[in-house]
Amino acid sequence: MLKNIFKLLLILCVALAFSCHNTTSFNREKADLSNTDFIYLKGNYFKLRNEKFYPIMLNYCVSFRNLDNNLVVSPYINYEKVGEFEYHTKEETEEQLRGHFQLIKEMGFNSIRVTFDRGHESDGKYYYSDFSIDNDYEKILAGFEDFINIATEKDLRVMFLFKAPFNKPLEDFAIKVLERFNENPTIFAYDFLNEPLYFDPEPKRSKESARNLQLRWKAMMDQYAPNQLFTIGFAEPIEVFSWDPSMSPVDFVCIHTYHPLRVKSELYWYSKYIDKPLMIGEIALPADGDSVPYSHQANFAKEISEYAIDCGIAGFGWWDFQEDLALVGHTFEGAYTGILNNKGTTTTADGNYTIIGTVKPVAEEIKKISQYQSKNIKEKPVNYYNNLGYNNFVIKGKVIDQKTKKPIEGAVIRGWTEWWHIAWNTYSDENGNFTLYSNYEFVRFTISAPGFSTVLLNKTLKYNKIAGENFDINNLPNKELEYHSICYKSFLKENTHSVFDFEPSKFNQAKFEANIGTIKLRRIDY
């Protein structure tokens, strides 16, 4: 009996100690970095030596190579030729990096986000090229260090994207990285996970589980790299279903968003309902100079960077450096977002480096971002409640607090077809009401809000004809239309030069309507 009581007390003490460790690390006040070269946060903005620092960041993809038994971090293999590297020695490859980084700096960027998450797994072990994170980590870290030193030389800050440390080997390796670079101010932030919505190995993770995992990562940062910043690359607002950014202990939230019909609404939602410092980590409009003119890409960068600043968002990150030749003919978005195309060559201002490809006009708008002064007006987009202009069905409903019965504003409501093949989402307004538009009948639903529980519903709804409409519900147009097939151009007003000047009347049309009723969410005490 006494042994059992002793065991129980021991378990309780260990649990309490772990709880206190997490709480202490999460609440630990950072050192005063105002007289150092580290980037830090004050309020909702980045600062460097007491001056505002606005990260203008370019995503830069890398490959890992074994050159003469050294790990060499190289430009991505498909940047300049398909499946072929330009150079084959460590010295030549590092000179190529210097040229790229100098051009990136000349284009107006002050930071890069580097895809150091592209190691691979084989037989349960993790590798960078031929180098194991268990046995060869010193060579891996030396390769990382050489790369980061070149970024330092070219006056670029680095956001370091990890292979997410979901397990012990990856966690041990992450700690080695943090320890190696904890005194290097070039690395201003560690991105522990790229888009959990798509890359969490546990797709139905609870909010509590996601938060506990992030607290563990936050404790790692506090212990091993206290002067650098901790973030996660969140995708669209439906991240709130599991990796709720309002519950995350990150230092700042990094937002990934694409497509003109979506980006303003998603930035608006994040800036209105997530009370943390915000930065755009990935954004772009693909442009090939033909089907999408380069002028549209340039206008997109100008308008969305200004909108982001007006919304109080503290940094801007473009995807990515160069067009991906391997994706040409497969995915337009993936192939043509690069700020550098693959035509001709570009020489740096000092004449020292020549790079394959021509800089697109969007770079001229990137240079102007830091000059824009906020109007401090956060405008709700005209298509906020129907991003994609669906016009066959509209589902109405309301979201309330289960305990107080008060309406919940900013809830995210997503619907799917029976076969999960088409889906879209909307948001609740200040009265908790929502309108979910679709072209196909949705029967599966997920609903949540920042700081609240997530509700799953399977419900077949009864649709009624909207007055004046004369359509056969079994023979409606564009039922199979989904996100990637919808072009923003068809929603623009006539004779506009804007990429976001949409005709409001195109987003409030429907032929049939249904009511899903009231959804109750439970507030999570964390």
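The values are calculated or read from the model by the stated rules, or taken from the named source; none is laboratory data. In this text, all values refer to a predicted model and were calculated from it rather than measured experimentally. In this analysis, Cβ positions are derived from the backbone assuming ideal geometry, glycine residues included, and neighbour counts consider all displayed protein chains. When the accessible area is computed, the model is the full protein with side chains, heavy atoms only, and any ligands, DNA or RNA have been set aside. Shrake-Rupley method; radii C 1.70, N 1.55, O 1.52, S 1.80 Å.
Side notes on the structure shown:
- Residue match in segment 322-339 (condition: part of a loop (DSSP other than H, G, I, E, B), closer than 15 Å to LEU103 by Cα and open to solvent by 60 Å² or more (accessible area, probe 1.4 Å)): no
- Top-ranked residue in segment 244-303 [being outside any loop (DSSP other than H, G, I, E, B) and of a type in the set (Lys, Arg); ranked as nearest to ALA225 (Cα to Cα)]: LYS272
- The set of residues from segment 77-88 being among the β-branched types (Val, Ile, Thr) and open to solvent by less than 50 Å² (accessible area, probe 1.4 Å) comprises just one member, ILE77.
- Among the residues of segment 46-69, those identified as in contact (Cβ under 8 Å) with a residue 12 or more places away in the chain, more than 28 Å from TYR137 (Cα to Cα) and open to solvent by 20 Å² or more (accessible area, probe 1.4 Å) are LYS47, ARG49, ASN50, PHE53, TYR54.
- A single member of ALA363, ALA335, ALA314 is under 30 Å from LEU41 (Cβ atoms) and either of a type in the set (D, E, K, R) or in contact with a Leu (Cβ under 8 Å, 6 or more places away or on another chain) (or both), and it is ALA314.
- Failed item in (1) outside any loop (DSSP other than H, G, I, E, B); (2) of a type in the set (D, E, K, R); (3) over 28 Å from VAL499 (Cβ atoms), with LYS403 passing the rest: (1)
- Count - residues of segment 239-276 that are open to solvent by 10 Å² or more (accessible area, probe 1.4 Å), over 20 Å from TYR526 (Cα atoms) and not charged (D, E, K, R): 4
- Hits in segment 490-508 - residues which are open to solvent by 80 Å² or more (accessible area, probe 1.4 Å) and touching a residue at least 12 places away in the same chain (Cβ under 8 Å): HIS497, ASN508
- Residues that are acidic (Asp, Glu) and surrounded by 14 or more Cβ atoms within 10 Å (Cβ to Cβ) were ranked within segment 395-418; the one that is farthest from the chain's Cα centre (by Cα) is ASP401.
- Segment 419-489 holds strands (runs of 3 or more DSSP E) entirely within its bounds, and those carrying 1 or more residues that are open to solvent by 50 Å² or more (accessible area, probe 1.4 Å) map to 433-438, 444-448, 455-458.
- Residue match in segment 106-120 (condition: modelled with pLDDT under 95, in contact with a Phe, Trp or Tyr (Cβ under 6 Å, 6 or more places away or on another chain), part of a strand (DSSP E or B) and not β-branched (Val, Ile, Thr)): yes
- Restricting segment 186-228 to residues that are within 16 Å of the chain's Cα centre (by Cα) and farther than 16 Å from LEU170 by Cα, the residue that is surrounded by the fewest Cβ atoms within 10 Å (Cβ to Cβ) is TYR198.
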